[in-house]
1. Given the conditions (1) within 14 Å of chain B (Cβ to nearest Cβ); (2) surrounded by fewer than 18 Cβ atoms within 10 Å (Cβ to Cβ); (3) at negative phi, which single one is not true for A:Arg136?
2. Just give me the residues in the range B:67-90 being part of a helix (DSSP H, G or I) and open to solvent by less than 30 Å² (accessible area, probe 1.4 Å), in sequence order.
3. If a residue must be part of a helix (DSSP H, G or I), within 11 Å of DNA strand D (Cβ to nearest atom) and among the small types (Gly, Ala, Ser), how many such residues does the range A:16-48 contain?
4. With B:Ala141, B:Ala125 as the choices, which residue is under 16 Å from A:Leu172 (Cβ atoms), in a helix (DSSP H, G or I) and under 19 Å from the mean Cα position of the chain (by Cα)?
5. Of the conditions (1) more than 12 Å from chain A (Cβ to nearest Cβ); (2) in contact with a helix residue (DSSP H, G or I) (Cβ under 7 Å, 6 or more places away or on another chain); (3) over 27 Å from A:Gly25 (Cα atoms); (4) not aliphatic (A, V, I, L, M), B:Thr122 fails just one. Which one is it?
6. Go through the residues of the range B:183-196 one by one and say whether even a single one is at the interface with another protein chain (Cβ under 7 Å from one of its Cβ atoms), buried (at least 20 other Cβ atoms within 10 Å of the Cβ) and among the hydroxyl-bearing types (Ser, Thr, Tyr).
7. Looking at the range A:1-15 only, could you name the residues that are closer than 26 Å to B:Glu120 by Cβ and within 13 Å of DNA strand D (Cβ to nearest atom)?
8. Considering only residues that are open to solvent by 20 Å² or more (accessible area, probe 1.4 Å) and under 23 Å from A:Asn178 (Cα atoms), which ones fall in the range A:100-133?
There are 2 protein chains.
Amino acid sequence: MRPECESKCRLLRTAMELIWESSYGAVSVDDICRKAEVKKGSFYHFFPSKADLTVAAMEADWKAKQPDLDAIFSPQLPPLKRLERYCQNVLECQRQTLATHGKILGCPMMTLGAELSTQEETIRAKAAEIVGRYVRYFESAIRDAQAEGIVASGDAREAAERVFSLFQGALLQAKILNELTPLEDLHKSLHRLLEVREETAVT
Amino acid sequence: MRPECESKCRLLRTAMELIWESSYGAVSVDDICRKAEVKKGSFYHFFPSKADLTVAAMEADWKAKQPDLDAIFSPQLPPLKRLERYCQNVLECQRQTLATHGKILGCPMMTLGAELSTQEETIRAKAAEIVGRYVRYFESAIRDAQAEGIVASGDAREAAERVFSLFQGALLQAKILNELTPLEDLHKSLHRLLEVREETAVT
DNA sequence: AAATTAGTTGACCGGTCGGTCAAGTCAAGG
DNA sequence: CCTTGACTTGACCGACCGGTCAACTAATTT
């Protein structure tokens, strides 16, 4: 009675992994159960539907990533350094998926959002929620940069959303082209988008 | 013997329409046939598989859009005006899908690329091809702007790819949030990304 | 020790999936 | 006029889809 989530956690992790590698529609409940070594009956004991499992997996995935993001966006670091480190992180992460899968997988939130936003409202809403959390990291970094006079003033929230759009777009383009190039000069693009005063930006 | 494509064309149009509204995985061959009023036997007379139909539909969709794009990006227009008109076009297009479907559908190339790039190589390749064609419009506009000294010099191709990433990202974010806001200030973001000299940019 | 409960198991369901096929229609070309 | 070949039709296929269920196990509570 105390397998301490065990099966449930394995289902969450496996589901996100498989969906990331292919797509929601291409992964069946049986696939997930097989790989997670959990019987289908157990699956439906924990989750009322495939869509519900997916929403839960998105949240679990975020929780797993948050510590890394907290570290990257630590307010102890100079604000532009945070953005630079995030750029490096994105590039490195995709470099790894390219190495291990031969494919650039992009971001799971992107795959799910693009595929299901028009069909599964709960999944769309969860994706939107997580997008909002990402934007918050950018927002505070930008606000700090503005306070230091390194970045043009203006609505930090809007600027953060634009920056996030650029990331999402670059990731999607990298996935479609199956090349890392769109991710390589992200840092420079970001500086232009934020109108960074380059002379003062040498941190 | 000369229904002049008729059924085939209807299949191509219907397929793209349905996939755009939901996704590749969520649309069945039967769905497409039913809506196109074509029997499944005929479907497989024209196309060897669902994936092949999709690739053909992507190409047909591009061919249908090209005249509009040619007009928007006419070299007769000032280069920045072309980009501005494209921004307006994107916003207007999504405003319409929001009005008619209650959902922002984004760009079909995005939906397909994000969903299938890791699974169906032929579809990924076609998406990449079409991305390349879009980038060409931006590239020549940017090059013309550089020649006029309105835009910072540098690799026009790379700049065009960055601009296209921004568009893709904004569209994806709009789809996930189901809001038009990410598309509304695209024009300004674009100017920052290209380092437009604002004083001379008044066309 | 009895009752309760969370979790497990495997058989089962109707419907739908992508795809096949043989038989037919019908207009153009020899 | 008769063959040819592009196109149509509807029945059919096995596999798999998401989801259900009753019986079972074993630790926890009372």
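The values are calculated or read from the model by the stated rules, or taken from the named source; none is laboratory data. Note that the structure is a prediction, hence the values are computed from the model and not measured. Counting neighbours? That spans all protein chains shown, and the Cβs are built from the backbone with ideal geometry, glycine included. SASA here: full protein model, heavy atoms, side chains in, ligands and nucleic acids out. Shrake-Rupley method; radii C 1.70, N 1.55, O 1.52, S 1.80 Å.
1. Going through (1) within 14 Å of chain B (Cβ to nearest Cβ); (2) surrounded by fewer than 18 Cβ atoms within 10 Å (Cβ to Cβ); (3) at negative phi one by one, A:Arg136 breaks only (1).
2. Result: B:Leu69, B:Ile72, B:Pro79, B:Leu80, B:Arg82, B:Leu83, B:Tyr86, B:Cys87, B:Val90.
3. The number of residues fulfilling the criteria is 2.
4. On the way: B:Ala141 fails: under 16 Å from A:Leu172 (Cβ atoms).
Answer to the check: B:Ala125.
5. (3)
6. So far as the range B:183-196 goes, yes, one or more of its residues are at the interface with another protein chain (Cβ under 7 Å from one of its Cβ atoms), buried (at least 20 other Cβ atoms within 10 Å of the Cβ) and among the hydroxyl-bearing types (Ser, Thr, Tyr).
7. Restricting attention to the range A:1-15, the residues satisfying the condition of being closer than 26 Å to B:Glu120 by Cβ are A:13-15.
A:Ala15 - this is the single residue of the range A:1-15 that is closer than 26 Å to B:Glu120 by Cβ and within 13 Å of DNA strand D (Cβ to nearest atom).
8. Those that are open to solvent by 20 Å² or more (accessible area, probe 1.4 Å) and under 23 Å from A:Asn178 (Cα atoms): A:Thr100, A:His101, A:Gly102, A:Lys103, A:Cys107.
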